[in-house]
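Engineer: Input: one structure, supplied below.
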Amino acid sequence: MSFEIVLTQSAQEIAERSGVLPVLEERARDEIAELPGEGLEELERRLFHAFALDDGTEVICSLTADGAVRVDACEADAAA
């Protein structure tokens, strides 16, 4: 399954600041691939998929109109 990952400005800043950019993109791809059936179709059906990185960063993935996966994130401290 191939799809484009689009990071929001918030996700980009958090990932760059904490040094987890490659981890964030890879984990988002893995999370979508593990959804039941065709991952992108399931993401569209659910509207979003959320998970947390090991450092506590909370991540939300959603499908864009052109079929890319938008990844947004917030730091653990900001989520509390």
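Engineer: If you count the DSSP beta bridges with both ends in the chain, what percent of them are antiparallel, to the nearest 5?
Structural biologist: 75
Engineer: Go through segment 24-63 and name the GluC sites (Glu not before Pro) that are in a DSSP coil and have 16 or fewer other Cβ atoms within 10 Å of their Cβ.
Structural biologist: Answer by residue number: Glu34, Glu38.
Engineer: If you don't mind, there's one more thing I want to ask. Could you provide, to the nearest whole Å², the per residue accessible area of the chain with probe 1.4 Å?
Structural biologist: I get 62 Å² per residue for the chain.
Engineer: What does the net charge come to around Thr64 if you take all other residues with beta carbon closer than 13 Å to its beta carbon, with K and R at +1 and D and E at -1?
Structural biologist: Local charge sum for Thr64: -3.
Engineer: How large a share of the accessible area of the chain, in percent, is made up of carbon and sulfur atoms when the probe is 1.4 Å and the other protein chains stay in place?
Structural biologist: 47
Engineer: Then there's this: For log10 I(q)/I(0) by the Debye sum over Cα atoms at q = 0.17, 0.19 Å⁻¹, which listed value, [x] -0.84, -0.91; [y] -0.60, -0.74; [z] -0.68, -0.83, comes from the coordinates shown?
Structural biologist: [y]
Engineer: Filter the chymotrypsin sites (Phe, Trp or Tyr not before Pro) in the chain down to the DSSP loop ones having no more than 12 other Cβ atoms within 10 Å, then list what survives.
Structural biologist: When the chymotrypsin sites (Phe, Trp or Tyr not before Pro) of the chain are filtered for loop state and at most 12 Cβ neighbours within 10 Å, Phe48 remain.
The values are calculated or read from the model by the stated rules, or taken from the named source; none is laboratory data. Please read these numbers as outputs of a predicted model, since none were measured by experiment. Glycine also receives a Cβ, built like all others from the backbone with ideal geometry; neighbour counts cover every protein chain displayed. Only protein heavy atoms, including side chains, enter the accessible area calculation; ligands, DNA and RNA are left aside. Shrake-Rupley method; radii C 1.70, N 1.55, O 1.52, S 1.80 Å.
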